[in-house]
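> Here it is, the structure, as structure tokens.
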Amino acid sequence: ASYVSVNKQVENRKSFLKSKESISFVKDVLNSLLDAETGNRGYQLTHQESFLEPFNVSKSEYLSLVSKAGELSISDKHQSDILLNLLRTSQEMMKEGDLLIEKRRDGNLITSQELLQSKAGMDTCRNLVQEFVKREEIQLAAKNEDLNQSSMWSVLFIIFSGAAAVSVTVLVYVQLKTDIFRREKKKKN
């Protein structure tokens, strides 16, 4: 029972860490998108290449993140779908950012429609990240509850085992003492 309990706790902890890693991953994707958008907008407003530094840094961070997306082990189908949707939408946003930068380099200004489209993409990504994190936190709470219950049952089992061991020891002691007392009585008779 202890072995099963300890194994369950180990599995729960692994699952807990995977959930935390997934949450961190989607937040990092969103942060890289926000940095890219900031750099792009700065460049659109000023037409100065120095404003593209956050865009370029976040783009390389984003590509590094996306390359590691396959390492996440998400077993929940809904969460997996949210992640795929986030990756698809974020890739479109990064491509759109490149196109807007090239457009500005060619001397064209960004239109209000393009700004609205960029905002809609960011809003979609924010919503996807919020939904993902919310569902993952619900799952984390359930995993934490399982871990707490498993720990409680382990403690109760140890207490029960200790009480049973003490009871058996006392019973054996009493039985041996009674047997020794009877032998002594028989010897005297």
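> Could you tell me the number of lysine pairs in region 1-98 with C-alpha atoms less than 18 Å from each other, where the two lysines are 8 or more residues apart or belong to different chains?
10
> Only four residue types carry charge here, +1 at the Cβ of Lys and Arg and -1 at the Cβ of Asp and Glu. Report the dipole size of region 72-125 about the Cα centre in Debye, rounded to the nearest 20.
80 debye
> Which whole-Hz couplings ³J(HN,Hα) result when phi for each residue of region 52-66 is put into the Karplus expression 6.51 cos²θ - 1.76 cosθ + 1.60, θ = phi - 60°, listed in order with x for Gly and Pro?
7, 4, x, 5, 5, 5, 5, 5, 5, 4, 4, 4, 5, 4, 4
> Quantify, in whole percent, the carbon and sulfur part of the accessible surface of region 1-104 (1.4 Å probe; protein heavy atoms only). Mind showing how you got there, number by number?
Values: 3350 of 6010 Å².
Answer for region 1-104: carbon and sulfur cover 56 percent of the accessible area.
> Here's a follow-up. Run the dipole for the chain about the Cα centre, Lys and Arg Cβ at +1, Asp and Glu Cβ at -1, nothing else charged, and hand back the magnitude in debye, nearest 20.
2180 debye
> Helix-only estimate, please: 222 nm mean residue ellipticity of the chain, summing -39500 (n - 2.57) across DSSP H runs of length 4 or more and dividing by its residues, to the nearest 500.
After summing the helix terms and dividing by residue count, I get -32500 deg cm²/dmol.
> Return the Rg/Rh value of region 49-135, two decimal places, where both radii are evaluated on C-alpha atoms and Rh is the Kirkwood radius.
Checking Rg against Rh, the ratio lands at 1.03.
> Say the dipole of the chain comes from +1 at the beta carbon of Lys and Arg and -1 at that of Asp and Glu; which of 86, 23, 173 then lies farthest toward its positive end?
It is 173, whose Cα lies furthest towards the positive end.
> I would also like to ask the following. What is the projected area of the convex hull of the Cα atoms of the chain, averaged over all directions, in nm²? Each step should come with its number before you reach the end.
Numbers: hull surface 60.0 nm².
Dividing the Cα hull surface by four gives the mean projection, 15.0 nm².
> Can you pull the Kirkwood radius for region 123-189, inverse mean 1/r over Cα pairs, to one decimal in Å?
This gives a value of 17.0 Å.
> So, in nm, how far is label residue 4 from label residue 92 when the simple model puts each one 7 Å beyond its Cα toward the Cβ?
4.9 nm
> While we're here: 7 Å from Cα along Cα→Cβ at both residue 106 and residue 172: what's the point-to-point distance in nm?
Each label point lies 7 Å from its Cα, and together they span 8.9 nm.
> Loop only per DSSP, at most 14 neighbouring Cβ atoms within 10 Å: give me the trypsin sites (Lys or Arg not before Pro) in region 48-103, ordered by residue number.
On the way: sites: 59, 68, 77, 88, 95, 103; in loops: 68.
Filter output for region 48-103: 68.
> Show me, bin by bin at 10 Å from 0, the whole-percent P(r) of region 1-92 based on Cα pairs.
Histogramming region 1-92 at 10 Å steps yields 15, 36, 24, 15, 7, 3, 1 percent.
> I'd like to check one number: the per residue accessible area of the chain, probe 1.4 Å, reported in Å² as a whole number.
Accessible area per residue, the chain: 67 Å².
The values are calculated or read from the model by the stated rules, or taken from the named source; none is laboratory data. Note that the structure is predicted; figures quoted are calculated from it, not measured. Quick reminder, even Gly has a Cβ in these numbers, built from the backbone with ideal geometry, and neighbours come from all protein chains shown. Ligands, DNA and RNA are excluded from the accessible area calculation, which covers all protein heavy atoms including side chains. Shrake-Rupley method; radii C 1.70, N 1.55, O 1.52, S 1.80 Å.
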